[in-house]
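> I am attaching a structure below and will ask some questions about it afterwards.
The values are calculated or read from the model by the stated rules, or taken from the named source; none is laboratory data. Please read these numbers as outputs of a predicted model, since none were measured by experiment. Because the Cβ atoms are built from the backbone with ideal geometry, glycine has one as well, and the counts that use them run over all protein chains shown. To get the accessible areas, we keep the full protein, side chains included, count just its heavy atoms, and leave off ligands, DNA and RNA. Shrake-Rupley method; radii C 1.70, N 1.55, O 1.52, S 1.80 Å.
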Amino acid sequence: MPRLRRSWPIRGRRGRCRRADRAGGAGITERTVPERSTPTIVVDADACPVKQEVYRVAERYDLDVLLVAAQWIRVPDRGRVRLILVRHEDRLDAADDRIVEEVGPDDVAITEDVHLAARCLDEGAKALSPRGRVFSRESIGEAVATRDLMADLREAGLVTGGPKPFAKADRSEFLQRLDEAVQEVRRRRASEH
């Protein structure tokens, strides 16, 4: 069954309309990542506390931002920001699947979900959490194992707390790590050309 895709207009820069894609229907059978001239910051946007910081870094380096969310969120009028709404109530990981479809080599994925981060790393992207934790091929296995262990302990009732509250220091750490990731991608792309 072909994928159903609708576009909803979003008021963009200087009153022009941009489009937010809404994906539904059957999944993709073939993966195609569009060739991009600049890296894109792909954000797991539903509960991301650092969207404003992403917009600032993207504007500074003239990068595209792709927000993937299950519900509508406000998109800034400035910069090159695109929102993809993923409505697929019967699949919990529909937004994650769409992020993996969209992310490509030299992109930067922002997510707190370590399983999604691992999938983005498999696609050649850089991945980091909103707290500034950089996921790498060397560290992702341990991060996934720790996350799964903590989920099992919470399910058994042995651990009842969640992550610590988001602090200013987390925001600062994220900004620094995002800037470093973008700089590294830009250096690598410059050396290839």
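> Among the residues of region 101-145, how many are open to solvent by less than 40 Å² (accessible area, probe 1.4 Å), farther than 25 Å from Pro163 by Cα and either without any contact (Cβ under 8 Å) to a residue 24 or more places away in the chain or more than 11 Å from the chain's Cα centre (by Cα) (or both)?
3
> If you don't mind, another one. Of all residues in region 63-89, count the ones that are open to solvent by 20 Å² or more (accessible area, probe 1.4 Å), closer than 19 Å to Val100 by Cα and free of Cβ contacts under 8 Å to residues at least 40 places away in the same chain.
4
> Of the residues Arg154, Arg186, only one is modelled with pLDDT under 75 and open to solvent by 70 Å² or more (accessible area, probe 1.4 Å); which?
Only one candidate qualifies: Arg154.
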